Amino acid sequence: MLAGCPLRLDSISAEIMQGDDFVYGLIQAVDQEKDPRCLVLTFHLVQSLVKLFLSQLGSEHVAQDLFEVLSCYFPVYFTHKIADDFEVKREDLSDALMDAFCSTPYFEPFAIPLLLDKLSSSLPLAKIDSLKYLNKCLLNFGTERMLQHAQNIWFALKDVILNHLPQAEILSSSVSVLGGDIKYHEHKIATEALICLKTTILQFTCPNNVDFLTLIIDDNVVERSFCSVTMEGSYSDNDDKNDLKLSALGSILSVVANSSIFGCNRVFQDFFPRLMVALGIDLRTSKHSADAYVEIVSQKFNYGALYLSVELLASSRDLIATVLESSNSKDSLRGIWWHLIQEFSGPLTSAFKSALMIPNKITAEGGNSNYMQEIIICSVKGLEVLATYAGEHTPVPRKSFEDILEVFILIIISRYEDPFLWKLSLKSLVLIGSCIARFKDSNMQMIYNEIVVRRLVRLLHKDSILPLDLILEAISEIGTCTLDLISPVIQGLEEAMLSSFLQACVDESFKSSQDLVLFLDCYCTKILPWCHTSGSIEQPGMHFVINILEQMEDNIAFKMKPEMQDLLDKMMMTMKLVVRGCAENNQYIILEKAYNIMLASANLPSNALLVSSSILEGFQLIPDFCELSCKNKMLLYFLASIVTALHQQTPLTNVARLLNLLLVFTLKGHLPAAQALASVANKLPNAVILEETIEMILDSFSSVLSNNHQNEPHMLNSNDGASMHFCSNLQINAVIGIAWFGKALLMRGHGRVKDISMVILKCLLSNKNIVPSSSHHQSGNFIGEDMHYLVARSAADAFHLLLSDSDVCLNKNFHAIIRPLYKQRFFSSMLPVLHSAIKECNSPRTKALLYRAFGHTISGMPLTVLVADAKKVLPLLLDSLSVLDSDILNKDLIYSLLLVLSGFLIDEKGKEDIIGYVHIVIDHLIKLLSYPHMMLVRETAIQCLTAITAFPYTRIYPLRTQVLGALAGAFDDKKRNVRQEAVKCCHAWASMASRSIRF
Amino acid sequence: MTLGLINANPVVHAKKERIVRAEDNHAADAVDSLDVFDSVRDIRDPEHPYSLEQLSVLSEESITVDKKLGRIQITFTPTVQHCSMATVIGLCLRVKLLQSFPLHFKVDINVSPGSHADEESVNKQLNDKERVAAALENPSLRQLVDECLCSSEL
């Protein structure tokens, strides 16, 4: 009956339903309701009712009766789990009831006493709810009605805050606050109470009524706790009670100060001077002399006063920020508090600073470190607050602001052996930086730049005691907090990188090359991504790249040691990241530059890159990669990385010559060149050029792979073995090249990928023709056979290249064209081909390679695709498991195949297909239980066996003894994880038959 | 069997935190006392819905493993002196170890000295192969043991 009420009630006009009868009828209907869904409706119903029958509620007993019905439900006690079919959560009920409670001011005489009463209950939920309801009632019932309860509310809130505030939040910010249920509730109660207190203050205080504020500030308990916590030496490490009192008092005062300028003035006027006295700051005596610091230090530091003053400062800062955001009246901001802070900021800064300077000494003497840590946190926060007042409204004079920044930067530079303080200071500096940016104060910005940023950037150039990684951490954190700070940071960083690049590569300084790796790391992982996401810096890093290229143009003597490979990789990554972020025209400029320098520097024969010439001619004319000078090697690496990261629309001049160059180096075994070639092929926008290019490249590759020895450069025919070696190396390079090329075409969904896979497959199968010749006992032929095998194996691995994802090229980051589902398409076209090839093959070695290719093809494939083709996939999968497990080189492949198999075993549809093979599967898995090369394989095999126990009982029961026998061996495995899995698996198989476990 | 519980109100201790071991990809992990403890700590007490660890019947220190000789020695402490469940607990331990460790380990199970009124005979009964086998043939005893072990599989 209740269900439709709210809707209908809205449509009924009040005139029709005159009289109390209707209201009482509803009250009766609502009374004793227990179904949660109905209750939610009921509470809404009461709300609507109140709206309609406002006049009747004026008579007291109607409101009372209605409220009585509601009040039985408070606080909502509802323990059903969410998973229940009610679909009503406690929060829904509670919120609905809250709305009903606050729906009319007529409830006030009944609701407020009830809430205050429940607030003193011991049930945490009741407390939280009472506070929430009270807060809402305060807002809804109107100040006039509530004023009579002001005193009671304050007493109740005071009681809750003093007794329930957990450890001060500011102190334990590093420690997780939410530990366990009880702590959670306490925390919740405290936050709700403080919210409620703030609402109360805002409601009851207007400029001409200060009674409530006076009530709080002059409260006996507040006064008493203030005296006790600021008494010298009152704080000690173990005194939790005092601690709680302190944080409670801090929260009350800061809520009051935070509520309005007026409240802020009152609090500062009453407490701030006393705090200063407690801290030992006397305006007359402390004139920033060094002696004064020592004096402050030598007394036992008054932690309570320190904490409270920081809290007060922070609340006044927050107050300004909120006032500025909400209105534009700036004249009323300044008051007593402003002048007090202005007066004391100098000495306060010194006091905080001195607190930060001592700890090392004291902790070294074995003083309690916890206590010192709290003092440090407090002082750092104090300095931070003083420096983060809103721009021009700051009461802190310029001198103090500079002092504060000086203190922090000094800590950053010289106190790195104290990581705790160092991190805190860095955090504060970052906060100050972002605060300056928020209020757009150019004056402060200048000071900050001068003191902090310049100083840090200077550190990059000279040797400092501060370790480089810390400098970089600091500089990147500070630089990335706002836009204005990043440009000097980028500039300084790029200059430093350029100079250490030259030192590393020209002067062969080992330290510089190590430094440069750190630089590049920071540049790539922090600065560049930030620039790209913020999007406001134009072409970040472009100058750096151009500069590097220009330097390479001017300098001839470049050296590169083998141990600098890491550096080179980082340089290439940087190039790629920079280029990828540039616009098309700038990419073009960079590419042109690199290409021209390369051509000029490598001094290539003019006809080497002619389009018309066959690739093998070019191949002979261009020197091998290892014969290139270091500079040219580097240039080639850079050129390849630049090409890899280009946009699709970036115009390429000399496409053919560039491609030829890359192609030649691909064949010479230069992997980045192969990747660059693939990137170009993936992105070429023009269909005609694309077709031509593909034709040209494909021809070149297949001419190398078709293995016509006559075509080979005759000069290499002098030595048979060497020639053989050369030839197969060339072929391996060609296979890798064509695999990358094929991947590029596959990703853009080009049809020729079919031809490419056929070329690769042919290359794989060509091995079988050679095998019979192994009866020859000439050593040359043995080498040849091995060489052919290597070529064929790289062809098998080409399938891995084709289908794996690469993070250095051909991905979204580097603007590759990626058609969705390209892997699936490749799989469905390749499966029949591989299937028949494996069937027809009769050489065991080639067959193993074919299985390897098949393994690579299915290992990354989504399960649904495989399950759809289960009839073909499963037999091949099982065969490859048994064929491949003999070679240690296949261990990763075996693992991924096992993962595929486990997918089948868990998938519903897969189970149906695999059930016919279950005995073979178990045979294979048992064999893998003792797989020596990889622990994960053994573990996964056991997990697969466990999964099989979910199969129909009749099928697997006969295999039980066999499995249990094999598992006994796994108990003795040398790895713990395997043993544990074996125990689980054993239990699953043993308990299959009956309740009791028998062996 | 006596009616009612032998120890009606046992002291329950907190469970210790599980130690997650660092993964070492190359070295072999030998069986150690923590391994053994991990496998038996969750066995339920025959009388109470608490684990042996919670009742402090077992601890990691009360287990020694000798890899060379292939021996596992467990000393457990019954909650009360005259506990007739001591033999059942011992039987549970033996069955559990049998299921979890290779058969070549020799397992010795004893009550800790002075913790049981009938110490000697309990020890003798627990380490006698024939009597253990006979006990496991007894359907009701077998069921009791299985129930105790069952909870540890959760």
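Could you check how many residues of region A:620-643 are assigned to a loop (DSSP other than H, G, I, E, B) and under 15 Å from A:LEU684 (Cα atoms)? Write out each step before concluding.
Keep residues of region A:620-643 that are assigned to a loop (DSSP other than H, G, I, E, B), which gives A:622-624, A:628-629.
Narrowing further to those that are under 15 Å from A:LEU684 (Cα atoms): none.
Count: 0.
This table checks each residue for (1) in contact with a His (Cβ under 6 Å, 6 or more places away or on another chain); (2) farther than 30 Å from B:VAL145 by Cβ; (3) free of Cβ contacts under 8 Å to residues at least 24 places away in the same chain.
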site: A:LEU889; (1), (2), (3): no, yes, yes
site: A:SER896; (1), (2), (3): no, yes, no
site: A:LEU901; (1), (2), (3): no, yes, no
site: A:HIS919; (1), (2), (3): no, yes, no
site: A:GLN962; (1), (2), (3): no, no, no
site: A:ALA966; (1), (2), (3): no, no, no
site: A:GLY969; (1), (2), (3): no, no, no
site: A:GLN980; (1), (2), (3): no, no, yes
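Which numbered condition trips up B:VAL111, out of (1) of a type in the set (A, V, I, L, M); (2) within 14 Å of another protein chain (Cβ to nearest Cβ); (3) touching a helix residue (DSSP H, G or I) at 6+ places or on another chain (Cβ under 9 Å)?
Every condition holds for B:VAL111 apart from (2).
For region A:644-653, indicate whether the set of residues that are assigned to a helix (DSSP H, G or I), modelled with pLDDT of 85 or more and surrounded by fewer than 21 Cβ atoms within 10 Å (Cβ to Cβ) is non-empty. Don't jump to the end; show me each part of the working.
Residues of region A:644-653 that are assigned to a helix (DSSP H, G or I), as a first pass: A:644.
Narrowing further to those that are modelled with pLDDT of 85 or more: A:644.
Next cut, surrounded by fewer than 21 Cβ atoms within 10 Å (Cβ to Cβ) only: none.
Looking through region A:644-653, none of the residues is assigned to a helix (DSSP H, G or I), modelled with pLDDT of 85 or more and surrounded by fewer than 21 Cβ atoms within 10 Å (Cβ to Cβ).
Select, from A:TYR895, A:TYR957, A:TYR931, A:TYR917, the only residue that is touching a Lys or Arg at 6+ places or on another chain (Cβ under 6 Å) and either crowded, with 16+ Cβ neighbours inside 10 Å or not in a loop (DSSP other than H, G, I, E, B) (or both).
Values: A:TYR895 fails: touching a Lys or Arg at 6+ places or on another chain (Cβ under 6 Å); A:TYR957 fails: touching a Lys or Arg at 6+ places or on another chain (Cβ under 6 Å); A:TYR917 fails: touching a Lys or Arg at 6+ places or on another chain (Cβ under 6 Å).
None of the other options fit; the residue is A:TYR931.
Name the single residue, out of those in region A:1-56 being of a type in the set (Val, Ile, Thr) and either at pLDDT below 70 or assigned to a loop (DSSP other than H, G, I, E, B) (or both), that is nearest to A:LEU70 (Cα to Cα).
Here is the first cut: in region A:1-56, the ones of a type in the set (Val, Ile, Thr) are A:12, A:16, A:23, A:27, A:30, A:40, A:42, A:46, A:50.
Then keep just the ones that are either at pLDDT below 70 or assigned to a loop (DSSP other than H, G, I, E, B) (or both); that gives A:12, A:16.
Numbers: A:ILE12: 23, A:ILE16: 26 Å.
Checked region A:1-56; the qualifying residue nearest to A:LEU70 (Cα to Cα) is A:ILE12.
Looking at A:THR191, A:THR230, A:THR205, A:THR214, which is the one that is surrounded by 15 or more Cβ atoms within 10 Å (Cβ to Cβ) and at pLDDT 80 or above? Show your work before the answer.
Details: A:THR230 fails: at pLDDT 80 or above; A:THR205 fails: at pLDDT 80 or above; A:THR214 fails: surrounded by 15 or more Cβ atoms within 10 Å (Cβ to Cβ).
Result of the check over A:THR191, A:THR230, A:THR205, A:THR214: A:THR191.
Quick one: would you say A:SER434 is of a type in the set (Gly, Ala, Ser) and without any contact (Cβ under 8 Å) to a residue 60 or more places away in the chain?
Values: of a type in the set (Gly, Ala, Ser): yes; without any contact (Cβ under 8 Å) to a residue 60 or more places away in the chain: yes.
So A:SER434 fits the description; yes.
Please identify the pairs in which a residue from region B:8-25 that is of a type in the set (A, V, I, L, M) has its Cβ atom under 6 Å from the Cβ atom of a residue that is modelled with pLDDT of 75 or more, counting only partners at least 6 apart or on another chain.
Short answer, once both residue conditions are applied: B:VAL12/B:TYR50; B:VAL12/B:GLN54.
With respect to A:ILE818, determine if the residue is in contact (Cβ under 8 Å) with a residue 60 or more places away in the chain and in contact with a Leu (Cβ under 9 Å, 6 or more places away or on another chain). So that I can check it myself, show each step before the final result.
On the way: in contact (Cβ under 8 Å) with a residue 60 or more places away in the chain: yes; in contact with a Leu (Cβ under 9 Å, 6 or more places away or on another chain): yes.
So A:ILE818 passes the test.
Within the set of pairs 6+ apart or on separate chains, which have a first residue in region A:686-697 that is exposed (fewer than 15 other Cβ atoms within 10 Å of the Cβ), a second that is in a helix (DSSP H, G or I), and C-beta atoms under 7 Å apart?
Hits for this filter: A:ILE689/A:VAL655.
For region A:912-931, does any single residue satisfy the condition of being within 12 Å of chain B (Cβ to nearest Cβ) and within 29 Å of B:ALA133 (Cβ to Cβ)?
First, pick out the residues of region A:912-931 that are within 12 Å of chain B (Cβ to nearest Cβ): none.
For region A:912-931, residues within 12 Å of chain B (Cβ to nearest Cβ) and within 29 Å of B:ALA133 (Cβ to Cβ): absent.
Considering only residues that are within 14 Å of another protein chain (Cβ to nearest Cβ) and either over 20 Å from B:ARG142 (Cβ atoms) or over 11 Å from the mean Cα position of the chain (by Cα) (or both), which ones fall in region B:56-97? Show your work before the answer.
The first filter runs over region B:56-97 and keeps only residues within 14 Å of another protein chain (Cβ to nearest Cβ), leaving B:65, B:67, B:70, B:72, B:91-92, B:94-97.
Result: B:VAL65, B:LYS67, B:GLY70, B:ILE72.
A:GLN503: polar (S, T, N, Q) and within 19 Å of A:GLU550 (Cβ to Cβ), yes or no?
Numbers: polar (S, T, N, Q): yes; within 19 Å of A:GLU550 (Cβ to Cβ): yes.
Considered against the rule, which asks whether it is polar (S, T, N, Q) and within 19 Å of A:GLU550 (Cβ to Cβ), A:GLN503 comes out as yes.
Would you confirm, using the coordinates I've provided, whether A:GLN373 is surrounded by fewer than 22 Cβ atoms within 10 Å (Cβ to Cβ), under 38 Å from the mean Cα position of the chain (by Cα), of a type outside the set (D, E, K, R) and modelled with pLDDT of 65 or more? Write out each step before concluding.
Numbers: surrounded by fewer than 22 Cβ atoms within 10 Å (Cβ to Cβ): yes; under 38 Å from the mean Cα position of the chain (by Cα): yes; of a type outside the set (D, E, K, R): yes; modelled with pLDDT of 65 or more: yes.
Judged against the criteria, A:GLN373 is a match.
Among the residues of region A:282-305, is any modelled with pLDDT of 70 or more, surrounded by fewer than 20 Cβ atoms within 10 Å (Cβ to Cβ) and in a helix (DSSP H, G or I)?
Checked region A:282-305: no residue is modelled with pLDDT of 70 or more, surrounded by fewer than 20 Cβ atoms within 10 Å (Cβ to Cβ) and in a helix (DSSP H, G or I).
Counting just the residues of region A:960-980 that are in a helix (DSSP H, G or I) and basic (Lys, Arg), which one comes out farthest from the other protein chains (Cβ to nearest Cβ)?
Going through the qualifying residues, I end up with A:ARG960.
Just a yes or no: is a residue in region A:982-992 modelled with pLDDT under 90, in a loop (DSSP other than H, G, I, E, B) and either within 11 Å of another protein chain (Cβ to nearest Cβ) or surrounded by fewer than 17 Cβ atoms within 10 Å (Cβ to Cβ) (or both)?
yes
Among B:ARG94, B:ARG44, B:ARG142, which is without any contact (Cβ under 8 Å) to a residue 24 or more places away in the chain and either within 19 Å of A:HIS987 (Cα to Cα) or surrounded by fewer than 19 Cβ atoms within 10 Å (Cβ to Cβ) (or both)? Show your work before the answer.
Details: B:ARG94 fails: without any contact (Cβ under 8 Å) to a residue 24 or more places away in the chain; B:ARG44 fails: without any contact (Cβ under 8 Å) to a residue 24 or more places away in the chain.
So the residue among B:ARG94, B:ARG44, B:ARG142 that is without any contact (Cβ under 8 Å) to a residue 24 or more places away in the chain and either within 19 Å of A:HIS987 (Cα to Cα) or surrounded by fewer than 19 Cβ atoms within 10 Å (Cβ to Cβ) (or both) is B:ARG142.
Residue check, A:ARG819 against (1) of a type in the set (Lys, Arg); (2) modelled with pLDDT of 85 or more; (3) part of a helix (DSSP H, G or I), all met but one. Which one?
Only one criterion is unmet by A:ARG819, namely (3).
Can you tell me which residue is nearest to B:GLU119 (Cα to Cα) among those in region B:58-79 that are touching a Phe, Trp or Tyr at 6+ places or on another chain (Cβ under 6 Å) and part of a loop (DSSP other than H, G, I, E, B)?
Taking region B:58-79 as the starting set, the residues that turn out to be touching a Phe, Trp or Tyr at 6+ places or on another chain (Cβ under 6 Å) are B:58, B:60, B:63, B:70, B:72.
Still in the running and part of a loop (DSSP other than H, G, I, E, B): B:58, B:70.
Details: B:LEU58: 16, B:GLY70: 25 Å.
Across region B:58-79, the extreme among qualifying residues is B:LEU58.
Could you say whether any residue in region A:884-897 is more than 18 Å from A:LYS975 (Cβ to Cβ) and of a type in the set (Phe, Trp, Tyr)?
No - not one qualifying residue is present in region A:884-897.
The values are calculated or read from the model by the stated rules, or taken from the named source; none is laboratory data. Note that the coordinates shown come from a computational prediction; the quantities given were computed from them, not determined experimentally. Cβ atoms come from the backbone with ideal geometry, glycine included; neighbour counts cover every protein chain shown.
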